[in-house]
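Quick note: the coordinates plus some simple rules give every number you see, no bench work behind them. Computed from a prediction, not measured in an experiment: that's the story for all the values here. Quick reminder, even Gly has a Cβ in these numbers, built from the backbone with ideal geometry, and neighbours come from all protein chains shown.
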C-alpha cells in the first residue's frame, strides 16, 4: 500500500485549527470543573497599644488625669481600647497612682511609667503600652529669716536651705545647704511656717505646732533652752492657725470655738522678752506659749524686738516692744512699750515687720504705710530719716496686697501683680543692680507675682507659672540662702526648681 503524506504547507493550518478548538473546549487538560479551594481568613489581632495622656507631668496633690489607650491591629486598623489592666512599672503607687479606669494622680516627687495591658487570651499573647510621667510638687508658700529660707510644696512637705549652725533647717544636721533639703520627719501635712534669725516654727494641717533651731531664749516654746535640729511638737494643742516670729521671739494665733458668736482667735507669745516684745509688761523670757490678754486678733507680725498686731473686732493697729527707732509708730522714739498700745484710729488689713521698721496695708483702700528705721530708705518715703508714726509709701495711687521687711529693705506686691523693692540693695536684695533706693522700684515688668518674703539681706517671692506657683530668690547668698546651688550673691531673681 502506498503511504499518503501531507505536504508541510498543509500541516501548519491544521495544527492552528486544532489549537483554536482546544481553547474553545477549555483546554482539556487537568479535569478542572471550574471550582476553587476555600482559603482560611487571616486572624486580625492587636499589635500595639499607644497611651494618650493630657499631660505627662503630674502635680502632687493636684487634679487627676484620665489616660486613654488606642490599639493598632495587624491589618493596620486602630480603635480605642477598653477593659485594659492599668498599672505602674514599679507595681506600686509611691510616685504615681493609677486606677483600673486609667485615672492617674501624682503622689510624690519622681518619675514612673504608666502601663496599659490587654491580657492574653487563648493563644494570643498579651499586649502592653506605656508612657513615662513625671510627678512634681510646685511651691505654695515661702518664708525667710536671717540667712535661711524655708518653703512649702504641694506635696505638703517643707524644704529648707541656707545657714544651719543652730539646726534651723530642721534636717537633723548642722550642715549648711545651698539647695533645698526636706525638713526631717517626712511629714506631708505642713500648713504654714515662719523663720526667725536662727530658728523656725511651723503649723501642721492638724493644728499642731512644731519648732526647731536655736533656743537660747526659749523661742522654741519647749519649756527649756535646748536647741533642736528636727521639728519638735510644742505642747499638745491642735488649734493653732498662724505663727509669726521675730529675731528670737514668737507670736502665734489659736482659734477656739465660742459658745455663742464668732470664734475667739487668741494671741500667744514666748521667747526673748528683753524689750517687752512679748507684751506682758515684763522683761523676763517666756519658755512656753503664754496667752496675752483676752482679745481676738486678726493678724500679727514680729521684728527684731517689737510686735505688731491687728485686732479682729475693729481692725485697729496695736504695737509693743522696742521703740528705739520709732518702729512702734506711736509718734515717739526711745522708750519701749510693755503692753499692746493702739496706733491711730485707721483700719488695717495686713502687717509686716523688718528688723527695726514696720509696714501695714490700710484696709479701706490698700494704701501702704511704713515707719521706724529709715537709714537705707526701707520706709520708702524718699527719705533716710526714721519715722515715728505711719508714713505713706511714695506713690499714693498704688494699692498693695503683700509686703515684707528685712534688716534694711522692704518688698511688696501691688494689686496689679507687679513686684516692688526699696531700701538697701548692696547685696542684691532689691532684685536689681542698685546700691539702694529710697522709693519703691519695680522688679522687671511681670504682673504675675503673688507673695513675698524677706530674710536679713535676701528676698524671695512666688510667681504664677501657668496653674502653679514658681519660686524665685535673690540677694545675699553667702550661706546658700537662695537655694540655687551656689553661694554667689544674685542681683536679680533666680528660679528655684520644683
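Approximating the spin labels as points 7 Å out from Cα along Cα→Cβ, the residue 290-to-residue 342 distance works out to 2.6 nm. Divide the volume of the convex hull around the Cα atoms of segment 358-477 by the residue count and you get 91 Å³ per residue. Computed extension length for residue 333-residue 365: 8.7 nm, one decimal, from 0.36 nm per residue of separation with the Cα-Cα distance subtracted.
Label-to-label distance, residue 274 versus residue 89, with points set 7 angstrom from Cα along the beta-carbon direction: 5.7 nm. Footprinting exposure proxy ranking of 394, 358, fewest other C-beta atoms within 10 angstrom first, gives 394, 358. Extending 7 Å from Cα along the Cβ direction at residue 120 and again at residue 375 yields two label points whose distance is 8.0 nm. With coordinates expressed along the principal axes, the C-alpha atoms belonging to segment 281-435 extend over 45, 30, 28 Å, beginning with the largest. With a Förster radius of 25 Å, plug the Cβ-Cβ distance of residue 497 and residue 175 into 1/(1 + (r/R0)^6) and report the FRET value to the nearest 0.05. Efficiency at R0 = 25 Å is approximately 0.75.
Taking mean projected area of the Cα convex hull in nm² as calculated from this structure, the corresponding entry among (1) 32.8; (2) 25.1; (3) 43.9 is (3). Rounded to the nearest 10 degrees, the angle from helix 8-24 to the longest Cα principal axis of the chain is 50 degrees. Shown is the FRET efficiency for residue 238 and residue 384, computed with R0 = 45 Å from the Cβ-Cβ distance and rounded to the nearest 0.05: 0.45.
Once the C-beta distance of residue 415 and residue 82 is scaled by a Förster radius of 51 Å, the resulting FRET efficiency is 0.55 to the nearest 0.05.
Scoring 483-496, 216-229 by mean Cβ neighbours within 10 Å over their residues and listing the highest first yields 216-229, 483-496.
Between segment 187-238 and segment 432-498, the C-alpha centres lie 26 angstrom from each other.
The stretch between residue 39 and residue 113, if pulled fully straight at 0.36 nm per residue, gains 22.3 nm over its current Cα-Cα span. Any chance you could check the Cα centroid distance between segment 86-133 and segment 356-378 for me, in angstrom? A separation of 55 Å, based on Cα centres.
Full extension of the chain segment joining residue 230 with residue 282 gains 15.7 nm, where the gain is 0.36 nm per residue of separation less the Cα-Cα distance. Label point of residue 134 set 7 angstrom out along Cα-Cβ; within segment 458-498, amide nitrogens under 12 Å from it belong to 497-498. The overall shape of segment 153-278 is oblate: from the C-alpha gyration tensor, with semi-axes ordered a ≥ b ≥ c, the ratio a/c is 1.5 or greater and a/b is no larger than b/c.
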